[in-house]
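Any read-out appearing in this document is the output of simple, stated calculations on the displayed coordinates, not a laboratory observation. Treat the numbers as computed from the prediction; the structure is a model and nothing was measured. When we count neighbours, we look across all protein chains shown, and the Cβ atoms used for this are built from the backbone with ideal geometry, even at glycine.
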Amino acid sequence: MSKPLMEGKKGLIMGLANDKSIAWGIAQALNEHGAQLAISYQNEALEKRVKPLAAQLDKEPLLLQCDVSDSASMEACFNELAAKWGKIDFLVHAIAFSDKNQLRGRTIDTTRDNFAMTMNISCFSFLEACKYASPIINEGGAVVTLTYMGSERVLPNYNIMGVAKAALEAAVRYAAMDMGEQGVRVNAISAGPVKTLAASGIGDFRKMLHWNALNSALERNVTPEEVGMAALGLLSDCGTCITGEVLHVDCGYHIQGMLRMKNIEQNVEVLTEG
Ligand code: NAP
């Protein structure tokens, strides 16, 4: 391998639930390129799932508890990070949440409480993480968050999460201006669908995966490892003048203007079952 891209760099990954998580794909890519990782987990139950993954990394990671719906927990997490490491070079935000009962049916039926919770965990937490990272992130550092094309177009069942992702993408642009003044870049990756814990809450997700594979330019779905490689590009010196961007890492699904009729005709049964 040529020179590791992240040698000597340290950073925090938020949103690692298990080995299917997009955050795990990112952690592996950063680890392979020499980064030292801190990983935050929401609660003790998650700590148990994160520990065996942490043990697979080359450099022992710093594990921090952080419930992003609670500002005190967020502040304590970044204070501990600053106390242990002083400075960081990157931040990965891979967190979203909504009531799964409202990730089906009509978006206009979303409740006020679930709207507030979805925006709070899926969008505000990104801005707050940037706020706490700002004093400790080195010049030349970078932030990446995860979004989905449901922010730009209407997809069945993505519902209020699409609205939250649209807000998140706008937040990326505003944060990029704020943090650009300190030489820090802020970007989003719009990943194609990946079978993870969070995704399993979305109605008909299995069909969505199948549909994407049939209709993306590359006729397949993206893997968490491939999202990880794209994040590596944005977080490393490969991306030194990319900021405020939403990069689609979705096998080209977002450029599709019409369905591939040959694939639809051959898969009618799978697409219409259930
Ligand atoms: P995942 O493995 O389930 O990860 C989601 C993470 O968010 C989990 O670690 C979850 O912890 C965490 N989280 C939720 N509420 C939290 C809170 N209050 N405090 C701290 N952490 C909290 O699913 P994923 O699909 O990899 O999701 C990562 C990101 O990628 C999300 O932003 C998602 O919207 C985005 N994305 C996913 C896809 C896809 O198809 N999978 C596509 C595009 C974008 P808990 O397990 O405790 O809830």
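Considering only the Cα atoms of the chain, their convex hull presents on average a projected area of 14.9 nm².
When every Cα-Cα distance of the stretch 61-215 is counted in 10 angstrom steps from zero, the calculated P(r) takes the values 11, 37, 32, 17, 3 percent. Taking a ≥ b ≥ c as the square roots of the eigenvalues of the Cα gyration tensor, the stretch 141-274 is prolate, since a/c reaches 1.5 or more and a/b is larger than b/c.
Taking trypsin sites (Lys or Arg not before Pro) as exposed when DSSP calls them loop (any state but H, G, I, E, B) and at most 10 other Cβ atoms lie within 10 Å, what is the longest stretch of the chain free of them, the sites themselves excluded? Kindly include the intermediate steps, with their values, before the conclusion.
Numbers: sites that count: Arg106, Arg153.
Value returned for the longest uninterrupted segment is 154-274.
A viscosity of 1.306 mPa s and a temperature of 10 °C, combined with the Kirkwood radius over C-alpha pairs in the Stokes-Einstein formula, give the stretch 154-205 a diffusion coefficient of 124 µm²/s.
The angle separating the long axis of helix 22-32 from the principal Cα axis of greatest extent in the chain is about 50 degrees. Using C-alpha pairs below 8 Å separated by at least 6 residues, the relative contact order for the stretch 175-223 is 30 percent.
Loop-located GluC sites (Glu not before Pro) in the stretch 185-273 (DSSP state not H, G, I, E or B) with no more than 14 neighbouring Cβ atoms inside 10 Å: Glu219, Glu273.
Qualifying GluC sites (Glu not before Pro) in the stretch 109-195, where qualification requires a DSSP coil assignment and no more than 10 other C-beta atoms within 10 Å, comprise Glu181. Counting neighbouring beta carbons within 10 Å and listing from fewest to most, the residues Thr147, Thr118 come out as Thr118, Thr147.
The relative contact order of the stretch 128-206, computed from alpha carbon pairs under 8 Å that lie at least 6 residues apart in sequence, is 38 percent. Beta bridges per DSSP, both residues in the chain: antiparallel share near 0 percent.
Loop-only GluC sites (Glu not before Pro) in the stretch 1-47, please: DSSP not H, G, I, E or B, and at most 16 other Cβ atoms within 10 Å. Hits after loop and neighbour filter: Glu7. Relative to the longest principal axis of the Cα atoms of the chain, the long axis of helix 159-180 makes an angle of roughly 30 degrees.
3J(HN,Hα) couplings calculated from phi for the stretch 206-221 with the Karplus curve 6.51 cos²θ - 1.76 cosθ + 1.60 (θ = phi - 60°) are, in sequence order, 4, 5, 4, 4, 5, 4, 5, 5, 6, 10, 6, 4, 8, 6, 6, 9 Hz; Gly and Pro show x. Once C-alpha pairs closer than 8 Å and six or more residues apart are averaged by separation and normalised to the residue number of the chain, the relative contact order reads 20 percent.
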